[in-house]
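To start, the structure under review is shown below, and the notes come after it.
The values are calculated or read from the model by the stated rules, or taken from the named source; none is laboratory data. It should be emphasised that the depicted structure is a prediction, and the values quoted were computed from it without experimental measurement. Don't worry about glycine lacking a Cβ; one is built from the backbone with ideal geometry, like all the others, and counts go over all protein chains shown.
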Amino acid sequence: MLCFYFMNRKTYSTMNNYVKRTIRLIFGLFLYALGIFLSIQANIGLAPWEAFSMGGSYLTHLSYGNIVVITGFIIIAIDYVLKEKIGFGTILNAILIGTFVDLIQLFNFIPMMSNFWLGLLMLLIGQVVISIASYLYIGASLGCGPRDALMVALGKRMPKVPIGAIRGLIEGTVLFVGWLLGAKIGIGTVISVFGIGLILQLTFKLLRFDVKSIRHESVTDTVKEMSSTIS
């Protein structure tokens with residue numbers, strides 16, 4: 001009886017932990033989508049992946065969010081082939097960010113900026129929101145985003161190439177493709193590329209968040225942990 005009591009407590013504790021982490025993850029992904037939408041509505045130039053998705057939307061006539069979801073799953077497939085860790089957070093990242101962007105657009109409560117300075121302010125707010133969102137969803141430790149996992153996977157296969165150069169190559173490629181497909185490139189693009197790193201660093205410092213200390217779980221890790229607790 002006592003053994004059963006402690007087992008139930010352990011099960012409850014583990015399940016409660018996963019519920020809290022999942023809520024944190026989903027809220028973080030919603031904020032990330034909100035930050036992306038703010039950056040789009042700033043109307044002074046798109047970040048590389050946003051440009052790529054917007055260009056894909058122009059080409060296929062699918063919604064921006066649908067392109068984000070499709071792209072996310074294609075990248076997850078590449079990550080899997082490259083034997084990079086895929087977590088539940090990775091999968092939810094691919095599904096929810098694009099879905100949330102489309103939902104935010106549906107409610108139409110954030111106008112498109114026509115004034116440069118207001119657009120600049122909105123872009124910077126979007127970057128801060130993305131940074132806070134990154135703190136939340138990365139801190140859930142349920143898996144990297146598909147694009148981050150791709151960068152890490154390529155970095156492992158090209159150890160002599162700086163990770164910054166690999167990220168630059170990936171983002172430069174998708175930005176070029178997005179530009180070819182008609183996405184808007186401008187000063188906002190430059191700010192997004194070079195400013196996000198600084199804003200992210202300052203945000204993590206203020207929140208006392210050490211991203212290097214996070215150990216992400218794969219889907220297999222999570223299933224094993226939950227199974228061992230329940231059984």
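Data for the structure
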item	result
From the options Val177, Val190, Val129, residue that is touching a Gly at 6+ places or on another chain (Cβ under 9 Å), in a helix (DSSP H, G or I) and within 18 Å of Arg24 (Cα to Cα)	Val129
Residue pairs meeting the criteria (Cβ under 8 Å; at least 6 apart or on separate chains; first more than 13 Å from Ile132 (Cβ to Cβ) and among the small types (Gly, Ala, Ser), in the range 204-218; second modelled with pLDDT of 80 or more and surrounded by 12 or more Cβ atoms within 10 Å (Cβ to Cβ))	Ser218/Lys85; Ser218/Ile86; Ser218/Gly87; Ser218/Gly143
Pairs where the first residue, in the range 79-105, is more than 14 Å from Pro146 (Cβ to Cβ) and the second is of a type in the set (Ser, Thr, Tyr) and surrounded by fewer than 19 Cβ atoms within 10 Å (Cβ to Cβ), C-beta under 9 Å, 6+ apart	Val101/Ser63; Asp102/Ser63; Gln105/Ser63
Among the residues listed as Phe37, Phe52, Phe30, the single one being in contact (Cβ under 8 Å) with a residue 60 or more places away in the chain, buried (at least 21 other Cβ atoms within 10 Å of the Cβ) and within 20 Å of Ile132 (Cα to Cα)	Phe37
Conditions (1) among the basic types (Lys, Arg); (2) closer than 23 Å to Ile78 by Cα; (3) surrounded by 13 or more Cβ atoms within 10 Å (Cβ to Cβ); number of the one not met by Lys184	(2)
Any hit, the range 203-216, residues being of a type in the set (Ser, Thr, Tyr), over 15 Å from Ile125 (Cα atoms) and in contact with a Lys or Arg (Cβ under 6 Å, 6 or more places away or on another chain)	no
Yes/no for Ser57 being touching a helix residue (DSSP H, G or I) at 6+ places or on another chain (Cβ under 9 Å), assigned to a helix (DSSP H, G or I), surrounded by fewer than 23 Cβ atoms within 10 Å (Cβ to Cβ) and modelled with pLDDT under 95	no
Yes/no for Arg208 being basic (Lys, Arg), over 23 Å from Ile36 (Cβ atoms), touching a Ser or Thr at 6+ places or on another chain (Cβ under 8 Å) and loosely packed, with under 14 Cβ neighbours inside 10 Å	no
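Conditions (1) under 15 Å from the mean Cα position of the chain (by Cα); (2) closer than 19 Å to Ile36 by Cα, marked per residue:
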| site | (1), (2) |
| --- | --- |
| Val128 | yes, yes |
| Ile132 | yes, yes |
| Val152 | yes, no |
| Pro162 | no, no |
| Gly188 | no, yes |
| Gly197 | yes, yes |
